[in-house]
1. Put a dot 7 Å past each Cα toward the Cβ at C:LEU4 and C:THR223; how far apart are the dots in nm?
2. State the extension gain, in nm to one decimal, for the chain segment bounded by A:LEU453 and A:GLU207, taking 0.36 nm per residue of separation less the distance between their alpha-carbons.
3. How much length is gained if the chain between A:VAL36 and A:GLU425 is pulled fully straight, taking 0.36 nm per residue apart and subtracting their Cα-Cα distance, in nm to one decimal?
4. Taking +1 at the Cβ of each Lys and Arg and -1 at the Cβ of each Asp and Glu, which of C:VAL269, C:ALA209, A:ALA80 sits farthest along the dipole of the protein assembly as shown towards its positive end, judged by Cα position relative to the Cα centre?
5. So if we plug the beta-carbon distance of C:ARG74 and C:PHE252 into 1/(1 + (r/R0)^6) with R0 = 22 Å, what FRET efficiency do we get, rounded to 0.05?
6. As a test of the formula, what do you get for chain C when each DSSP H run with n ≥ 4 contributes -39,500 (n - 2.57) and the sum is divided by the residue count, at 222 nm and rounded to the nearest 500 deg cm²/dmol?
7. Calculate the spin-label point distance for A:GLN200 paired with C:TRP92, positioning each point 7 Å from the Cα along the beta-carbon direction, and give it in nanometres.
8. About the Cα centre, and with charges only on the beta carbon of Lys, Arg (+1) and Asp, Glu (-1), how big is the dipole of chain C? Nearest 20 debye, please.
Amino acid sequence: MTLAQFSLGALALVPLLGAALTMVLPHPARRALGVVTSLLIAGLTVPVMISVISGELPELVLGGFEAPLGIHLRGDGLAAVFLGVTSLVGVTITGYAAVLPKSTGTYLSSTAWVPGHPGFWPLWLGCWSGLNAVYLSGDLFNLYVSLELVGLTAVALVALGGRSSWEPALRYLFIAVLGSLMFLAGVGLLVSVTGTLDLQQTRGELEGLEDPTLPLLALTLMTVGLAMKVALLPMHRWLVPAHSAAPSAVSPILSGLVIKAAMVVMLRCWLWAVPVLQGSEWLAWMLGALGAAGVLIGSVLALRQDRLKPLVAYSTVAQIGYWFLAFPLLLPGENDAAQLASGAYGGVVAMAVGHAIAKAGLFTAAGFLKDRCGTDEMSALRGAGAHHPVLILAMGMCAVGLLGLPISLGFSGKWQLATAAVAAEHWWVILVVAAGTLLSAAYMLRGIAPLLLQAEIAEDAPAASPVSVRERVGEIAVLVLGVATICTGLLGAGLSDLLEVGSWW
Amino acid sequence: MEAGIDIVSWYLLIGTVMTIFGIVRLLLVRDLLARLIALDVTGIGVLVSLVALAARSEPTDPVLQALVITGLVIAVAFTGLGAVLIRRLEGLQEDPPRGDHQ
Amino acid sequence: MISLLDLGLGLAVLAVTGLSLIPRSRLVISMGFLVLGVLVAIVWLRLNSLDVALAEAAIGTGLLSGLMVWLAVRSPVPPGAGGMESSPRLPWLRPVLGLISGTALTVVAAAVWMRAEHQLPAWREPAETQLPASGVEHQITGVLLAFRAYDTLLESGILMLTAAAVLALSRNGGLSGEGTRQLGIHQIDSPMPPVPSALAWAARMLAPALVLLGLWLLFAGSTDSGGAFQSGAVLAAALIMLRSAQVDISVFTAHWLRPLLVGGVVVFVLAGLLGPVLGLPWLSWEPEWAFAAVLSVEVLLTAGITTGLYTLFLTLENPEGVR
């Protein structure tokens with residue numbers, strides 16, 4: 001067994017072991033173990049990345065039982081890219097939470113609500129385990145179990161925010177579980193005609209099938225279920241309360257990583273498990289239309305917010321729309337289909353990865369300001385930037401990524417998408433991307449500009465308490481994400497080579 | 001096998017009806033406990049379909065049965081979390097917090 | 001043709017599904033759900049799935065409905081404004097819409113099911129030929145603990161983390177209290193509502209029997225129907241009964257709940273690591289020690305499932321700051 005194969009199994013199981021151990025340790029040791037585990041996961045990602053970059057496809061047959069009986073883990077290009085970004089964001093957020101424990105929520109002691117929730121550590125490590133399991137899984141039922149692991153820990157993480165977060169958490173629970181049950185129903189339908197759960201074998205069996213009705217119904221069910229979990233408009237209404245009520249260290253995990261897990265499963269369904277079906281065009285067009293609506297409506301709603309965290313959450317709704325714009329392009333058209341589809345696919349992945357880093361940074365910054373000033377009302381945050389120049393710089397870098405300005409990954413993603421759209425003569429995609437970019441510039445300005453304004457003279461100005469060393473370190477964590485937003489843009493070209501490994505074509 | 005397909009289809013149909021009406025009720029009802037029960041009915045409906053699929057082969061397929069047992073445990077997990085959240089929320093509404101928190 | 005028994009059973013399931021979805025009373029729907037659990041267990045017996053029927057009886061009917069009934073009894077009427085009210089104008093609109101869309105979807109789905117060219121699972125042969133290598137004789141246990149052990153491991157992780165989540169919603173974040181290494185949640189010490197003495201007496205009598213049944217299910221699992229999940233559910237039920245009968249198990253809870261909760265997952269992962277240490281893939285068991293590995297994993301997993309399920313009930317009571 002090679003090191004890369006070892007890492008495939010360890011990437012899901014080591015964080016789970018860490019989660020179990022953090023439950024029985026006393027508090028300071030718990031935090032230390034969390035940081036050590038996060039570094040270990042990042043270290044385990046490296047062998048998989050190296051192996052994929054050198055063009056190999058690491059594959060692990062768990063227990064030595066070959067599919068269809070057993071489960072295969074596959075570290076293909078898509079998995080490697082998301083493993084990498086999850087490690088980057090995960091390590092940074094872990095560091096942030098370890099340095100600023102009050103960002104992990106509030107709990108009820110014998111007398112009062114106390115900031116700094118001990119339950120954050122097992123739940124976050126468990127969530128990370130589920131994320132890695134989703135990326136690597138090559139089995140439909142295992143995808144369901146991993147999705148539930150991600151979903152339930154994510155709901156629990158939202159609920160760490162104290163009283164006001166319980167209602168959004170429960171709402172999120174209903175949607176997340178309903179989405180995965182619909183996915184499971186689709187899996188059941190597929191199994192009845194394929195007799196296997198393995199992704200590759202499912203595709204092979206479905207290609208030999210004459211009647212596309214049943215796989216089409218299965219694909220529809222899975223798509224609707226996953227779209228709920230990704231929060232594609234009009235199924236986005238749970239996202240804003242959940243992501244804004246969550247504790248400061250949790251919102252970036254939810255917006256940056258958790259919705260990406262459902263997006264990865266969506267891509268696995270459309271591109272790996274189910275071959276191109278007759279009649280799936282309308283579904284792809286529907287997703288494209290909803291994506292366009294998401295970009296426009298999400299941006300307009302973001303513009304109308306008065307508080308920073310809901311604004312950032314609505315911006316997530318808008319960004320989700322971009323990923324679905326590409327779905328009509330993923331189907332083969334008349335002219336050079338494969339290249340076009342791979343271009344659109346590369347665009348989706350680049351935008352999703354860019355969003356993961358940039359949005360994690362922006363949400364951490366918003367949470368930082370909320371923790372420090374006690375509110376995220378933008379009118380109350382006027383002038384807060386004067387005391388946090390590093391934070392404002394980092395927020396600006398993240399905003400560049402979300403706007404899709406050169407040289408961020410957001411830019412190369414939009415560029416690839418636009419190129420594919422021009423080649424397919426889908427001009428409307430260009431229009432939506434342009435309008436979305438303008439609108440996002442407007443709401444980013446609305447979010448960040450008040451921080452830079454001169455504060456009105458008031459006695460209870462937020463500057464009252466001096467900035468502690470820990471808070472300075474926390475700002476550095478946001479800066480790391482900001483710099484990463486810009487620097488990963490340089491990897492844009494390498495990204496499409498990476499995605500070639502183990503791709504469906 | 002030929003004689004068995006009818007009972008399989010019958011229970012597949014019942015599982016489907018449970019799933020669909022569970023979803024519909026979940027989306028329409030506002031009471032939290034009714035929602036949680038609708039979610040569980042949906043889950044059990046999906047599992048009934050899976051067991052019906054397992055019963056196509058003779059003897060009943062062990063892999064699909066094992067998946068259903070896994071699914072049942074996951075159902076208990078999300079129901080438990082949902083139930084505790086509902087209790088806490090309704091505890092809040094029975095006695096609204098004084099303005100002193102946070 | 002389907003027999004009259006199946007026809008009747010299916011229609012009864014549909015009727016009770018309606019009973020657990022449609023009525024407005026919380027008590028009625030939770031009782032409906034309880035009956036649904038019993039009926040579904042019978043359906044699974046009809047479909048020759050004894051293991052699933054056992055799991056449904058223990059987990060589905062026993063624990064799931066238990067949770068629902070508990071909630072319904074504690075607050076029979078949803079507190080707060082407008083919990084059960086339908087929309088003020090056109091009160092019939094929602095049910096009618098629901099009925100129409102549900103029926104339409106059912107017709108579509110049924111049509112697709114009927115037209116499907118079914119294919120039997122491709123894993124039947126390998127499941128039989130590779131069973132000896134798994135260390136157990138019962139096929140379903142083999143699937144759960146060898147062939148698809150990864151799913152089972154992640155799923156026990158889900159249960160463990162759900163327990164962590166409900167503990168996190170309790171006092172002290174559900175972990176150690178101030179200045180102590182014991183579990184710090186309030187529910188351990190808070191008394192249960194008093195029950196009639198006959199009921200308490202019955203629960204004390206029944207609990208040892210349940211423990212025996214649970215242990216039998218656990219050790220039968222390697223050769224016959226039964227296994228960690230069914231056993232864990234029955235043992236958790238025994239703990240819940242003891243607590244309801246006001247038997248003091250708070251010392252056990254304070255000291256052993258968390259270690260037992262995580263023990264199953266920890267040992268499962270470490271056993272999975274034995275494979276890579278010996279140069280095999282993750283989660284491989286060598287035939288020589290497969291039985292020992294599977295058995296120790298199963299025993300600790302049962303302890304983990306028992307405590308996990310018990311924790312879900314334990315934390316239902318609200319801490320004082322909330323009420």
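1. It works out to 4.1 nm between the two label points.
2. 82.5 nm is the gain from fully extending A:LEU453 to A:GLU207.
3. Length gained between A:VAL36 and A:GLU425: 135.0 nm.
4. Comparing the listed Cα positions along the dipole, C:ALA209 ranks first.
5. Efficiency at R0 = 22 Å is approximately 0.35.
6. Taken over chain C, the calculation gives -21500 deg cm²/dmol.
7. Taking the two extended label points, one gets 5.9 nm.
8. That gives chain C a dipole magnitude of about 1180 debye.
Here, each number is a calculation from the coordinates, and none is a lab measurement. Keep in mind that this is a model prediction, so the values were computed, not measured. FYI the Cβ positions are ideal-geometry reconstructions off the backbone, even for glycines, and counts take in every protein chain you see.
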